[in-house]
1. Counting only C-alpha contacts under 8 Å and six or more residues apart, can you give the relative contact order of the chain as a whole percent?
2. Against the longest alpha carbon principal axis of the chain, how many degrees, from 0 to 90 and to the nearest 10, is the axis of helix 121-131 turned?
3. For residue 77 and residue 54, what does the FRET efficiency come to when R0 = 25 Å and r is the distance between their Cβ atoms, rounded to the nearest 0.05?
4. Which number comes out as Rg/Rh for the chain once both Rg and the Kirkwood Rh are worked out on C-alpha atoms?
5. Hey, rough spin-label estimate for residue 61 and residue 132, points 7 angstrom out along Cα→Cβ, what's it come to in nanometres?
6. Tally the DSSP beta bridges in the chain and give the antiparallel ones as a percent, rounded to 5.
7. According to a simple spin-label model (label point 7 Å from Cα along Cα-to-Cβ), what is the distance in nm between residue 42 and residue 93?
8. What does the extension gain come out to for residue 14 and residue 104, with contour length at 0.36 nm per residue minus their alpha carbon separation?
């Protein structure tokens, strides 16, 4: 590491500390030539796959866009920031685990929907309505019915539709 003060090529590490989240290491360094001290941050750099959009364009993966998608789907919903961040990290982890250099945006959307389904059913349906281009109420109803059919018994979220399902939800 070059010294930022005198540009000398030899500096030594005098202290290293791992950040709270374990994603970075802060190193305190000292220049062998001028004696000045400075800090550096070290992070892992992993190349995520490029995203192939539905119109064929290719874009670099952008975690801010991923987070914005979660935020829009979960707007005004009672989901903690910690849970949203964990879901974003889970999607990024899935992207890292693919060995592909390029990935269709459809696959990323499926990863997001899987995480939203665990977090909040209303957020899941919101995202699905845009992602799957719902055209009418029947599309919403079909997705909600599919979601309710696939739910494990004793799910703690409120029912999405009225009727018999809502009565069961009130008795919990």
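A short reminder: the numbers here are calculations on the coordinates, not readings from a lab. Note that the coordinates shown come from a computational prediction; the quantities given were computed from them, not determined experimentally. Here the Cβ is made from the backbone with ideal geometry for all residues, glycine too, and neighbour counts use every protein chain on show.
1. Contact order relative to length: 13 percent.
2. Computed tilt is about 80 degrees.
3. FRET efficiency, residue 77 to residue 54: 0.40.
4. 1.17
5. It is 2.5 nm.
6. Taking every DSSP beta bridge within the chain, about 85 percent pair in antiparallel fashion.
7. The answer from the label model is 2.4 nm.
8. Additional length available on full extension: 27.9 nm.
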